[in-house]
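Following: one structure in structure tokens, then a few remarks.
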Amino acid sequence: MENLIKGDMAPDFALMDQNGNLMKSSDFRGKKLLLYFYPKALTSGCTAQAQEVSLARGALAAQGIEAVGISPDLPDVQKKFDNKHELNFPLLSDADHSVSDAYGVWGEKNMYGKIFNGIIRSSFLIDENGRIMQAWYKVSPKETVPKALEELKKV
């Protein structure tokens, strides 16, 4: 799959959140969405990223943006992650990585010389009509929110 770019329709999703609720991309139509993909709950980089998003929820909401995180973790692991760090925003389980594939964020990674497939940390700002406003592949955990807020200044 090629990377998504500005103007592309965001792939649809229907995934379970950490509370066992089915969340669909259509639930966010009419709102902007910061959708980010992270490799593994309860790890240092993913925790830093999730905490940044959680702390910025007010600033994001002021810009009309809702935030959602997606990883291959099962909902019970997402729940532990949410509870431990009091994140209080939707964390979705993409255990079969079908949504990650659709967004082009599931791919080959190399860690300490070991090659494996997994989530390539990425984020997407999606407009009210479900179109990609901007995509950031291989985004750092601390850049997820600032890049989204900076993009909105351009609109």
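The values are calculated or read from the model by the stated rules, or taken from the named source; none is laboratory data. Predicted model, so just to flag it, every value in this text is computed and none were measured. Heads up, the Cβs are rebuilt from the backbone with ideal geometry, glycines too, and the neighbour counts pull from every protein chain shown.
The figures follow:
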read-out: Condition check for N110: at pLDDT below 95 and out of contact with any Asp or Glu (no Cβ under 9 Å at 6 or more places or on another chain); value: yes
read-out: Residue in the range 30-37 that is in contact (Cβ under 8 Å) with a residue 12 or more places away in the chain, part of a loop (DSSP other than H, G, I, E, B) and at positive phi present; value: yes
read-out: Residue check for A41: assigned to a loop (DSSP other than H, G, I, E, B) and touching a Leu at 6+ places or on another chain (Cβ under 9 Å); value: yes
read-out: The range 77-133 - residue that is under 17 Å from the mean Cα position of the chain (by Cα) and basic (K, R) and, of those, nearest to N19 (Cα to Cα); value: K79
read-out: Boolean, L87 is out of contact with any His (no Cβ under 6 Å at 6 or more places or on another chain), under 22 Å from L149 (Cβ atoms), modelled with pLDDT of 95 or more and surrounded by 15 or more Cβ atoms within 10 Å (Cβ to Cβ); value: yes
read-out: Checklist (1) in contact (Cβ under 8 Å) with a residue 40 or more places away in the chain; (2) in contact with a helix residue (DSSP H, G or I) (Cβ under 9 Å, 6 or more places away or on another chain); (3) surrounded by 13 or more Cβ atoms within 10 Å (Cβ to Cβ) applied to D73, failing item; value: (1)
read-out: Subset of the range 9-29 (residues that are in contact (Cβ under 8 Å) with a residue 40 or more places away in the chain and surrounded by 14 or more Cβ atoms within 10 Å (Cβ to Cβ)); value: A10, P11, F13, L15, M16, D17, Q18, M23, S25, F28
read-out: Test: residue in the range 88-97 that is of a type outside the set (F, W, Y), under 22 Å from G7 (Cβ atoms) and in contact with a Phe, Trp or Tyr (Cβ under 8 Å, 6 or more places away or on another chain); value: no
read-out: Leading residue by the ranking (modelled with the lowest pLDDT) among those in the range 140-155 that are surrounded by fewer than 20 Cβ atoms within 10 Å (Cβ to Cβ) and among the hydrophobic types (A, V, I, L, M, F, W, C); value: V155
read-out: Single residue of the range 52-107 satisfying the filter (in a strand (DSSP E or B) and hydrophobic (A, V, I, L, M, F, W, C)) that is farthest from L15 (Cα to Cα); value: I65
